[in-house]
Amino acid sequence: MREQISVLTQNLSQTIVGKDEAIRLVLVALLSGGHALLEDVPGVGKTLLAKSLARSINGKFQRVQCTPDLLPTDITGTNIWNPSSREFEFLPGPAFANILLADEINRATPRTQAALLEVMEEKQVTVDGETRLVPHPFFVIATQNPIEYQGTFPLPEAQLDRFALSLSLGYPSEAEELKMLQRQQNPEAIAVGDLQSCISLEEVEALQQAVRQVKLTEDLQQYLLRLVRASRTDEDVTLGVSPRGTTALQRATQAFAFLEERDYAIDDDVKFVAPHVLAHRLIPASGKDPKAILQRILDRVPIGD
């Protein structure tokens, strides 16, 4: 399994330049059984990352460009009339994929966002009263531009809570951007369409099961709980982390420890994933920065009793 993780990481690095931490965080979300929210400006490689991941695990990839006129059935699918058979047939939507990229999710209306919420949480869709399971594994990467707010519908807290991690790819460094330009001139450079799968969907599911076996001591779980509960009593926080966030933090900690080739978690694992798991779940007071609040909590809360 260590070899599978190493091969998968190296495969993604063939098309994605200088984003090792972002790759690891996306893998943490995937292996923990959650979903990832990428808050970034356009053109930094979000779609490339999602496509590369889908090809690497030999999974089906679908992309939805969210707009205000997008309907829930545009994601879940709908029943259409077949004149030859004289009956309705189900036409699957893009949710029936292994990797679903919901681009600019905050441009979709709340009704459409709610349709995506059921798929993310329940791994199923309900159309005309009939429930259908989506493929497994099922992983959503949603994006939103943190700068532009005109014509958007901010995600409600209930939907933000469905994302295991929130992260940002950020702009590349000068050296990384130069490497990108040089790759474009290299005829031997691997494009995302040429990327070969390195592990199967069944192996991904086996890795997800293995992650759940990573051990957390009771002392480490107590530290995790102190962080979460501190967010609920902080004077700069209107609404703290929910119990779903507590569970997400533990699973992300297990996944990161697994990527570090350990079958047990340590406090540094919690500290690394906590900003990405918890910050987007906080509702700060008076326009405060949730990331700054969370960092203050991490600095203040002791590891031991």
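The values are calculated or read from the model by the stated rules, or taken from the named source; none is laboratory data. What you see is a predicted model, and the numbers here were worked out from it, not measured in a lab. A quick note on method: Cβ atoms are made from the backbone with ideal geometry, for glycine too, and the neighbour counts reach across all protein chains shown. Side chains are part of the model used for accessible areas, which takes the heavy atoms of the whole protein and leaves out ligands, DNA and RNA. Shrake-Rupley method; radii C 1.70, N 1.55, O 1.52, S 1.80 Å.
Filtering segment 14-48 down to residues that are of a type in the set (S, T, N, Q) and under 18 Å from the mean Cα position of the chain (by Cα), which residue is nearest to residue 64 (Cα to Cα)?
Looking only at segment 14-48, we keep the residues that are of a type in the set (S, T, N, Q), and these are 14-15, 32, 47.
Right, trim to under 18 Å from the mean Cα position of the chain (by Cα) and you get 32, 47.
Details: 32: 23, 47: 11 Å.
Residue satisfying both the conditions and the ranking: 47.
Kindly indicate which of 274, 279 is closer than 24 Å to residue 26 by Cβ and in contact with a Pro (Cβ under 6 Å, 6 or more places away or on another chain). Don't jump to the end; show me each part of the working.
Details: 274 fails: in contact with a Pro (Cβ under 6 Å, 6 or more places away or on another chain).
The match here is 279.
Does at least one position in segment 257-266 carry a residue that is among the small types (Gly, Ala, Ser), closer than 20 Å to residue 28 by Cα and part of a loop (DSSP other than H, G, I, E, B)?
Of segment 257-266, the ones among the small types (Gly, Ala, Ser) are 257, 265.
Among the residues that remain, those that are also closer than 20 Å to residue 28 by Cα are: 257, 265.
Those still in the list that are part of a loop (DSSP other than H, G, I, E, B) too: 265.
There is at least one residue in segment 257-266 that is among the small types (Gly, Ala, Ser), closer than 20 Å to residue 28 by Cα and part of a loop (DSSP other than H, G, I, E, B).
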query: If you go through segment 230-245 one residue at a time, how many are more than 15 Å from residue 166 (Cα to Cα), assigned to a helix (DSSP H, G or I) and in contact with a Lys or Arg (Cβ under 6 Å, 6 or more places away or on another chain)?
result: 0
message: Restricting to segment 13-50, name every residue that is touching a residue at least 12 places away in the same chain (Cβ under 8 Å) and at positive phi.
response: 18, 33, 45
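Does segment 78-88 contain at least one residue that is surrounded by 20 or more Cβ atoms within 10 Å (Cβ to Cβ) and under 23 Å from residue 59 (Cα atoms)? Quick ask: steps written out before the conclusion?
In the first step, residues of segment 78-88 are kept if they are surrounded by 20 or more Cβ atoms within 10 Å (Cβ to Cβ); the result is none.
So far as segment 78-88 goes, no, none of its residues is surrounded by 20 or more Cβ atoms within 10 Å (Cβ to Cβ) and under 23 Å from residue 59 (Cα atoms).
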query: For residue 213, all conditions in the list (1) part of a helix (DSSP H, G or I); (2) under 25 Å from the mean Cα position of the chain (by Cα); (3) in contact (Cβ under 8 Å) with a residue 40 or more places away in the chain hold save one; what is the number of the exception?
result: (1)
task: Only one of these is open to solvent by less than 40 Å² (accessible area, probe 1.4 Å), under 22 Å from residue 46 (Cα atoms) and not acidic (Asp, Glu): 117, 181. Name it.
output: 117
query: Quick check: is even one residue across segment 275-288 modelled with pLDDT of 90 or more and not in a helix (DSSP H, G or I)?
result: no
- prompt: Do we have residue 197 as out of contact with any strand residue (DSSP E or B) (no Cβ under 7 Å at 6 or more places or on another chain), at pLDDT 85 or above and open to solvent by 50 Å² or more (accessible area, probe 1.4 Å) here?
  reply: yes
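Just to be sure, is residue 57 at pLDDT 90 or above, farther than 25 Å from residue 152 by Cα and crowded, with 19+ Cβ neighbours inside 10 Å?
Values: at pLDDT 90 or above: yes; farther than 25 Å from residue 152 by Cα: yes; crowded, with 19+ Cβ neighbours inside 10 Å: yes.
Taking the combined requirement at face value, the residue satisfies it.
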message: Given the options 227, 220, 239, name the one that is open to solvent by 80 Å² or more (accessible area, probe 1.4 Å), hydrophobic (A, V, I, L, M, F, W, C) and within 25 Å of the chain's Cα centre (by Cα).
response: 239
query: Going by the conditions given, is residue 248 open to solvent by less than 30 Å² (accessible area, probe 1.4 Å) and part of a helix (DSSP H, G or I)?
result: yes
- prompt: Given 148, 157, 174, 205, which one is loosely packed, with under 13 Cβ neighbours inside 10 Å and either closer than 29 Å to residue 104 by Cα or free of Cβ contacts under 8 Å to residues at least 60 places away in the same chain (or both)?
  reply: 174
task: Please find, within segment 1-51, the residue that is nearest to residue 137 (Cα to Cα) out of those that are open to solvent by less than 40 Å² (accessible area, probe 1.4 Å) and in contact with a Cys (Cβ under 8 Å, 6 or more places away or on another chain).
output: 8
Subset of segment 114-144 [in a strand (DSSP E or B), closer than 14 Å to residue 62 by Cβ and of a type in the set (A, V, I, L, M)]: 125, 140, 141, 142
task: Sort through 97, 142, 102 and tell me the only one that's in contact with a strand residue (DSSP E or B) (Cβ under 9 Å, 6 or more places away or on another chain), of a type in the set (A, V, I, L, M, F, W, C) and more than 23 Å from residue 278 (Cα to Cα).
output: 97
task: Would you be able to tell me the number of residues in segment 291-305 that are part of a loop (DSSP other than H, G, I, E, B) and open to solvent by less than 90 Å² (accessible area, probe 1.4 Å)?
output: 4
